[in-house]
Structures are given as C-alpha cells and as structure tokens.
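Participant: Structure provided below as structure tokens; questions to follow.
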Amino acid sequence: MRFNVLATLVGITIPQIALAIAPGPLSTSGRWIVDANGQNITFAGVNWPGASEAMLPEGLQYQSIENIVDKIKTLGMNVIRLTFAIEMIDDILETGRDVSIKDSLVKALGEKNGTKVFSNIVRHNPQFGVDTTRLQVFDAVANESHRQGVYVHLDNHISKAMWCCSGTDGNTWFGDRYFDVAKWHRGWQYMAEHVFKTPRSLASSVTDATTQVKSLPAVKSVGMRNELRKAEDNPTLVNTTYNWRYWYRHMVENANQIHAANRNLLIYFSGLDYDTRLSPIPTGAELGNGTAFRKDDFEYADKIVLELHNYERTATSCEDLKSSLWNAGFNALDTQNSSIVNIMPVQMTEFGFPQDNTTYTDVYASCLREWLPSLQAGWMVWVIAGSYYIRKGIQDDDELWGLLDHTWSDWRSTDAVTNGLIPMVQATLG
C-alpha cells in the first residue's frame with residue numbers, strides 16, 4: 001500500500017491501493033476473475049451515468065474528466081461502471097454519423113440551456129469542441145481511466161435514453177415499446193467492436209470521424225442489460241414472455257454475438273425483477289422447455305460473470321439480507337456445495353443509499369460494507385454523480401445519493417466516505 005494526503009478529506013492520510021490495469025484481457029477461473037497471468041482481480045468501484053437524454057457521461061459541465069477520474073481513484077477504487085443508451089448507437093447506424101455533444105445537449109435541454117451547458121463542458125474539458133461527438137466523450141472517459149489505472153465496465157443501461165428505471169418506461173423487457181431486440185443486438189455488436197478496433201463490418205455506413213477509433217484498453221467487461229423487469233403497462237408481454245426461457249434465449253444470443261465481435265470481453269449476465277434475482281442459474285435449474293443454463297456449454301465459459309443489484313434499505317437484519325442475496329445468486333461463489341453446478345464470479349453492480357452523515361451506519365449499508373469485502377465478490381456503488389444534466393424533466397437536478405456534491409467538486413458527506421466507503425474499498429482490495 002501507499003499513502004496519500006487527500007486535500008478534499010481535510011488532510012486525513014488514507015491508505016490507498018496502488019492502481020494499475022492488468023495487462024491483456026481478463027477471464028474467469030471458478031469463482032474468480034483473473035488477469036492474463038492468472039492473478040485474481042477484484043473490482044471495487046462506482047457507477048458513472050451516461051444514459052439519460054443528453055447521452056453523455058454526467059458532470060462534465062462542472063469538472064473535467066481528468067478530475068472526476070482522479071476523485072474516483074483517490075478513493076482507492078479500480079473500476080467505473082459507465083452506462084450508455086442503445087439510442088446513441090441507433091443514431092450512428094441510422095443516420096450515418098454520430099451526434100455532436102452540442103446538438104445532443106440542445107435537444108435534451110433546449111437551445112439556451114443546452115448551449116450554456118456545452119460552453120461549460122468545453123471550458124472544463126478544452127479538448128472538446130463543436131465537432132466532438134457523444135461517443136468520442138465516452139472514449140475520452142475510457143482513455144483517461146486507462147491513463148490513471150482504472151478499469152471501465154461498459155453497461156447498457158436502457159434503450160431509449162432517459163432516467164432508469166420503472167415498470168412503465170417502455171425499456172423493461174425484450175419487446176417492450178422501446179426495447180427493440182434487433183437494435184439491442186446490433187448496438188452491442190457495434191460497441192463490442194468499437195472498444196477493440198475500428199468496426200470493419202460497419203465502416204462503410206459511418207463517417208470517417210466515427211470510424212477513427214482506437215482500442216480502449218480500460219474496457220475489460222460489459223453488462224448486457226440493466227435491470228430487466230416486468231412491463232407493468234403491458235400485461236400481454238408479461239404473461240407471454242416474462243420468464244427465464246425467454247431470458248435465456250435473448251441473453252445468450254446477445255452474449256454469443258458480443259463474444260464473436262470481441263473475444264477479450266468479460267460478459268455480465270443480469271437477472272430478473274430489476275436484477276435482484278438469478279436464483280436458477282447457479283444450480284442449473286430447469287428454465288422451461290428443457291432449457292437450463294450450463295456454463296460449460298459455452299465456448300466462452302471463462303468470460304461469464306453474474307451481476308446482481310440490491311436496494312433493500314429497509315433491512316433490519318444483516319443475516320436475513322445476506323441469506324437473501326446468497327440465495328438470489330451469490331451462491332454461485334460456493335465451491336463447496338455440490339448442488340451448485342455453475343461456479344462463477346458474482347458482482348453487485350448496483351447498491352446505494354443517500355450520502356449523509358448517518359445513513360451509512362444503518363443495517364443495510366453496514367451489512368454490505370462488511371459482507372461484500374468478505375466475499376471478495378466485487379461491487380460498484382450507485383453513484384458518483386452529484387447532479388444530472390436532466391433527470392425526469394428537471395434540469396441540473398441534484399443527486400442526494402451522489403458521492404460528490406452538486407458541482408462534483410467535493411464529497412457530499414465526508415463522514416460517509418472516510419468512515420464507510422474508503423474502509424470498504426480497502427477491505428475489498430487490500
């Protein structure tokens with residue numbers, strides 16, 4: 001370990017893990033993620049949203065990408081879960097060119113506010129200009145993360161760009177009004193190729209500015225879909241297809257094409273009910289019509305990871321919470337149980353709570369702070385964002401769950417960070 005004095009944390013000396021991105025692709029070995037040398041890699045990080053209407057990583061009107069990544073690294077974290085919307089890729093493939101960040105902001109915020117936010121983004125990030133596109137900003141986040149030794153986990157959060165998630169937002173399940181499965185597949189093919197090399201198969205349909213893509217070595221893993229859930233306003237869809245058999249069909253088809261496009265990527269499978277349940281997967285249980293998930297059936301068995309979310313903030317018993325999570329899918333880590341036929345890594349890619357001086361001490365936060373590091377399962381807390389370009393129609397909306405304050409300049413709660421989050425990172429990575 002090395003020691004740094006964090007100016008933002010009133011001069012407290014914090015032990016911090018020396019960060020570096022492992023050479024080569026990552027893979028899995030049993031319950032572990034491992035690097036090219038077979039050394040175990042555990043993720044401890046944070047979500048950075050970029051899937052709302054502006055389709056840009058949040059916060060750049062207040063801080064530079066360099067400063068935000070540095071803040072994350074200061075916590076000792078080693079991964080960013082960076083979210084995007086399929087709509088961003090639809091625009092590229094359907095119009096033949098990516099959208100400039102200025103045009104995207106004007107569309108999301110209106111001419112006056114969009115222009116103002118664009119000017120502030122360029123002021124803090126002078127490498128951008130009127131011709132900079134949205135995907136180039138995502139690339140810049142990935143490249144800066146690599147420079148500072150932080151992994152990027154690329155997550156498809158939603159199809160139509162908006163705040164996620166509800167049961168009536170049209171993005172819930174395969175075939176919902178905005179969840180076009182074919183567009184989801186082609187979007188992932190594009191992104192899987194994009195992070196590795198220029199997408200040759202699509203180069204003829206996009207502009208030179210879009211195809212001038214370098215490899216993004218920080219991106220080692222992808223989350224195929226965030227929080228699959230019932231379409232509360234479409235009972236026909238729920239009754240006919242909301243089941244594990246349809247989940248298997250679409251998720252496996254998507255994973256197959258991601259791996260075909262980029263064999264280096266870890267591929268995360270999320271579960272049902274807002275990704276709170278993967279219970280039939282560790283045991284290889286029947287999913288319907290003779291279908292079962294068997295890791296060894298996959299050519300890329302050493303690239304599969306499970307992910308779960310949890311927001312059970314009303315928990316009153318840590319033991320009950322741990323038991324619930326274990327049975328929901330974390331039991332895929334259990335190498336001693338003969339009934340677990342699919343031993344593989346499991347990570348909690350979302351959990352969180354308000355960032356104040358007391359909530360981090362409640363049963364829910366305290367339990368996860370102790371339990372997840374004890375498993376070395378990997379986790380990504382929601383959320384770094386102190387505010388949003390727009391959320392649910394409110395521009396410059398404040399995020400009370402954000403690790404950073406409204407202007408992304410300091411921690412929202414020094415107590416929650418120094419006494420809760422940093423010890424959790426150290427226990428996970430130390």
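The values are calculated or read from the model by the stated rules, or taken from the named source; none is laboratory data. From a predicted model like this one, the values you see are computed outputs, not experimental measurements. Methodologically, a virtual Cβ is constructed for each residue, glycine included, from the backbone with ideal geometry; neighbour enumeration extends over all protein chains shown. Remember, those area values only see protein heavy atoms, side chains included, never the ligands or the DNA or RNA. Shrake-Rupley method; radii C 1.70, N 1.55, O 1.52, S 1.80 Å.
Participant: Say whether the condition of being within 25 Å of ASN262 (Cβ to Cβ) and open to solvent by less than 30 Å² (accessible area, probe 1.4 Å) is met by at least one residue in region 108-125.
Facilitator: No - not one qualifying residue is present in region 108-125.
Participant: Looking at (1) touching a strand residue (DSSP E or B) at 6+ places or on another chain (Cβ under 7 Å); (2) free of Cβ contacts under 8 Å to residues at least 24 places away in the same chain; (3) of a type outside the set (Ser, Thr, Tyr), which one does GLY393 not meet, given that it meets all the others?
Facilitator: Condition not satisfied by GLY393: (1).
Participant: Is there a residue being of a type in the set (A, V, I, L, M) and either open to solvent by 20 Å² or more (accessible area, probe 1.4 Å) or modelled with pLDDT under 95 (or both) anywhere in region 271-282? I'd like the intermediate steps shown before the answer.
Facilitator: Residues of region 271-282 that are of a type in the set (A, V, I, L, M), as a first pass: 272, 278, 281.
Subset that is either open to solvent by 20 Å² or more (accessible area, probe 1.4 Å) or modelled with pLDDT under 95 (or both): none.
Looking for residues that are of a type in the set (A, V, I, L, M) and either open to solvent by 20 Å² or more (accessible area, probe 1.4 Å) or modelled with pLDDT under 95 (or both), one finds none in region 271-282, hence no.
Participant: Could you say which residue among ASP103, ASP139, ASP70, ASP131 is more than 16 Å from the chain's Cα centre (by Cα), within 23 Å of VAL381 (Cα to Cα) and surrounded by fewer than 20 Cβ atoms within 10 Å (Cβ to Cβ)?
Facilitator: The conditions single out ASP70.
Participant: Here's a follow-up. Here are some residues: GLU87, GLU94, GLU58. Which one is of a type in the set (D, E, K, R) and free of Cβ contacts under 8 Å to residues at least 24 places away in the same chain?
Facilitator: Of the residues listed, the single one that is of a type in the set (D, E, K, R) and free of Cβ contacts under 8 Å to residues at least 24 places away in the same chain is GLU94.
Participant: Tell me, yes or no, whether region 163-171 has at least one residue that is without any contact (Cβ under 8 Å) to a residue 40 or more places away in the chain, open to solvent by less than 10 Å² (accessible area, probe 1.4 Å), in contact with a strand residue (DSSP E or B) (Cβ under 8 Å, 6 or more places away or on another chain) and not hydrophobic (A, V, I, L, M, F, W, C).
Facilitator: Among the residues of region 163-171, at least one is without any contact (Cβ under 8 Å) to a residue 40 or more places away in the chain, open to solvent by less than 10 Å² (accessible area, probe 1.4 Å), in contact with a strand residue (DSSP E or B) (Cβ under 8 Å, 6 or more places away or on another chain) and not hydrophobic (A, V, I, L, M, F, W, C), which makes the answer yes.
Participant: Also, quick follow-up: Inside region 401-428, can you point out the residues that are of a type in the set (A, V, I, L, M) and over 19 Å from SER366 (Cβ atoms)?
Facilitator: Listed by number, the list holds a single entry, LEU404.
Participant: Give the residues of region 173-214 that are surrounded by 17 or more Cβ atoms within 10 Å (Cβ to Cβ), modelled with pLDDT under 50 and assigned to a loop (DSSP other than H, G, I, E, B), sorted by residue number.
Facilitator: Within region 173-214, PRO199, VAL206, VAL213 qualify.
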